[in-house]
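Comments concern the structure below.
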Amino acid sequence: MASIDIGATKWRRVEVGRVIRLEGGSLAAIVEIIDHKRVLVDGPSSDPKLATPRGIAHLSHALLTSIVIPKLPRGSRTPTVKKAWEAAGVDAKWAETNWAKKQLIQERRASLTDFDRFKVMRLKKQRRFEERKALAKIKTSA
């Protein structure tokens, strides 16, 4: 007979301690599950752009991240959540994710002036020229 490996799924679950990203780009930890559509969240991030006041969030307006605060008690108050947030290093873990990196790039691009966009365009053209020159050199030698 064939052996069957049965294990836990890799899906992200709605659980107390799971860090979520809300629509505005802020982060929050699930503190309590109200029902199948709403959760109580608290986001005591040290970064003011990521901080979220304690309140109810609809799961349809949130994205589950892979970051989990371990052993966060259900219904924890803000000071408890803040201690657990800092102990788990959520801000540092978030900064390493691709979401955060993409968000930073989008913010940088949005803040560019017209002259900055022109300089970026010139650098892209220069890079493309060098790449094509190298490719042509490889083709001629082959």
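Computed from the coordinates by the stated procedures, all read-outs in this text should not be read as laboratory data. Worth saying up front: this structure is predicted, and the values here are computed from it rather than measured. FYI the Cβ positions are ideal-geometry reconstructions off the backbone, even for glycines, and counts take in every protein chain you see.
Across the stretch 94-142, what is the number of residues that are of a type outside the set (Val, Ile, Thr) and more than 32 Å from the chain's Cα centre (by Cα)? Walk me through how you get there before you give the answer.
Initial filter on the stretch 94-142 (of a type outside the set (Val, Ile, Thr)): 94-96, 98-104, 106-112, 114-119, 121-137, 139, 141-142.
Of the ones still in play, those that are also more than 32 Å from the chain's Cα centre (by Cα) are 126, 129-137, 139, 141-142.
Final tally of qualifying residues: 13.
So which of 54, 74 ends up being part of a loop (DSSP other than H, G, I, E, B) and farther than 21 Å from residue 98 by Cα?
Details: 54 fails: part of a loop (DSSP other than H, G, I, E, B).
Exactly one of 54, 74 is part of a loop (DSSP other than H, G, I, E, B) and farther than 21 Å from residue 98 by Cα, namely 74.
Taking the stretch 6-62 only, how many residues are closer than 25 Å to residue 107 by Cα, exposed (fewer than 15 other Cβ atoms within 10 Å of the Cβ), of a type in the set (Asp, Glu) and out of contact with any Asp or Glu (no Cβ under 8 Å at 6 or more places or on another chain)?
Result for the stretch 6-62: 1.
Restricting attention to the stretch 30-45, which residues are closer than 18 Å to residue 85 by Cβ, part of a strand (DSSP E or B) and not hydrophobic (A, V, I, L, M, F, W, C)? Walk me through it before giving the result.
Step one: filter the stretch 30-45 for residues closer than 18 Å to residue 85 by Cβ, giving 30-32, 39-45.
Next, only the ones that are part of a strand (DSSP E or B) stay: 30-32, 39-43.
Once the filter is applied, which keeps residues that are closer than 18 Å to residue 85 by Cβ, part of a strand (DSSP E or B) and not hydrophobic (A, V, I, L, M, F, W, C), the stretch 30-45 yields 32, 42, 43.
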